[in-house]
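Visitor: This is the structure I have questions about; it appears just below.
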Ligand SMILES: Cc1cc2nc3c(=O)[nH]c(=O)nc-3n(C[C@H](O)[C@H](O)[C@H](O)COP(=O)(O)O)c2cc1C
């Protein structure tokens, strides 16, 4: 039997919206109100959170990425953030990571970004360097170190401290390593533009390279990049400013933070607020508020919406738009986050893996309207569709 929700849906043509009882309606939830940032307007406040697929060879995307990312754009998200793309080969977590360090990768990404845009979503890409969490197996094999003899690579970090005993021992970065990493982010931003992306998100969380500089748990340096708060944030702020200078003025730049390490003596929300202020001045437009993963087992309480208070604190404390992420699975839950002004966008990851059409269903639930299913799927949502 057909789902009642589908039976009540009415056919939609682009630009037209109908209420379930047939009267045109202008009622729009906060979740489905547009969000503008610089020259870009997102059709709604729902973003696909970046999700590594570990399905690349030599950093290249393939048909999997087209289907995976494309179907989430078809599903109605306003923003599709492509997974963490390594800014250099040695910045990958595993050999299956997506990369954006050469023109071939940019050209392979271009048709996927174009498809996403063609579906009415904005395509963004997360730029990342894994630091001491690199040269490991893909997760379904187990996160053990891949040695250089087995095809791995030397990892580097602010300090020569392993993430855990199974991970590689990183080399402490020299000043020239720091400059080179910065150059990789800049070059990758240039490639992101040539691939047609409209948003860049800088990955500054989850225990990867930039976060390793931020947190006193992983940064024991005694030079200009370690010790005081100002020194620990230097690398992050310099990358943001350098990418902003490279990235077109009219396009948004986001940064994802682990807003707290959830560990006594580690990075915390107050430091995140101060960093967010500095990033705002450097030209970052929005902070995507995640948390944890700088040391093993530090992922926070894992309850519904557990990171939303972090997004709210940074939004208020630093006066910058934020995205909330983490165990947001219900339409009304997402709407409430926006109504309470805790964030400006909501990002979903796992929920969108199991249901790429979540945004279309959420729109029907919140706004009482048939949502904009693709015309190709009309027979599934409209019993009167022409056959
Ligand atoms: C399969 C998978 C891959 C992920 N890859 C990334 C990534 O590339 N970059 C990142 O910042 N976070 C990554 N994450 C974290 C998600 O973006 C998100 O922050 C996290 O899953 C919490 O959101 P959720 O509860 O909606 O899943 C990944 C999560 C999953 C499930």
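Visitor: Compute the acute angle (0 to 90°) between the alpha-carbon long axis of helix 308-318 and the principal axis of greatest extent of the alpha-carbon atoms of the chain; round to the nearest 10°.
Guide: 70
Visitor: Taking 8 Å as the Cα distance limit and 6 or more residues as the minimum spacing, I'd like the relative contact order of the stretch 250-300 as a percentage.
Guide: About 49 percent, as a whole number.
Visitor: May I ask you to derive the FRET efficiency for residue 333 and residue 71 from their Cβ-Cβ distance with R0 = 25 Å, giving the value to the nearest 0.05?
Guide: Approximately 0.60, to the nearest 0.05.
Visitor: Follow-up. Give the percent of DSSP beta bridges with both residues in the chain that are antiparallel, rounded to the nearest 5.
Guide: 15
Visitor: GNM on the chain, C-alpha springs below 10 Å: top fluctuator among 27, 156, 204?
Guide: Of 27, 156, 204, the Gaussian network model singles out 27 as fluctuating most.
Visitor: Sticking with this structure for a sec: What spacing in nm lies between the two simple spin-label points modelled at residue 144 and residue 222, each 7 Å away from Cα in the Cβ direction?
Guide: Once both label points are built, they end up 3.7 nm from each other.
Visitor: Another question, then. To the nearest 10 degrees, how steeply does helix 234-246 sit against the main Cα axis of the chain, on a 0 to 90 scale?
Guide: Taking Cα atoms only, the helix is inclined about 50 degrees.
Visitor: Can you list the residues of the stretch 212-240 with backbone N under 13 Å from a point 7 Å past the Cα of residue 172, pointing along Cα to Cβ?
Guide: Answer for the stretch 212-240: 219-227.
Visitor: Can I ask one more? Springs between alpha-carbon atoms under 10 Å, Gaussian network over the chain: tell me which of 228, 290, 94 tops the mean-square fluctuations.
Guide: 228
Visitor: How high is the relative contact order of the stretch 141-227, in percent, counting Cα pairs under 8 Å that sit 6 or more residues apart?
Guide: Computed value for the stretch 141-227: 25 percent relative contact order.
Visitor: Could you let me know the centre-to-centre spacing of the stretch 88-117 and the stretch 236-314, using Cα atoms, in angstrom?
Guide: That distance is 23 Å.
Visitor: Using Cα-Cα distances under 8 Å and only pairs 6 or more residues apart, what relative contact order does the stretch 28-367 have, in percent?
Guide: Relative contact order of the stretch 28-367: 17 percent.
Visitor: Then there's this: Of 229, 32, 185, which has the largest mean-square fluctuation in a 10 Å C-alpha GNM of the chain?
Guide: Highest fluctuation of the listed residues: 229.
Visitor: If you fit an axis through the alpha-carbon atoms of helix 269-282 and take the longest principal axis of the Cα set of the chain, what angle between them do you get, 0 to 90°, nearest 10?
Guide: Helix 269-282 and the main axis of the chain meet at about 80 degrees.
Visitor: On full extension of the chain, what length is gained from residue 270 through residue 376, given 0.36 nm per residue of separation minus the C-alpha to C-alpha distance?
Guide: Here the answer is 33.3 nm.
Values quoted throughout were computed directly from the atomic coordinates according to the rules given, and no laboratory measurement underlies them. Since the model is a prediction, treat every value here as computed from it, not as a measurement. For neighbour counting, all protein chains shown are included, and Cβ atoms are generated from backbone atoms with ideal geometry for every residue, glycine included.
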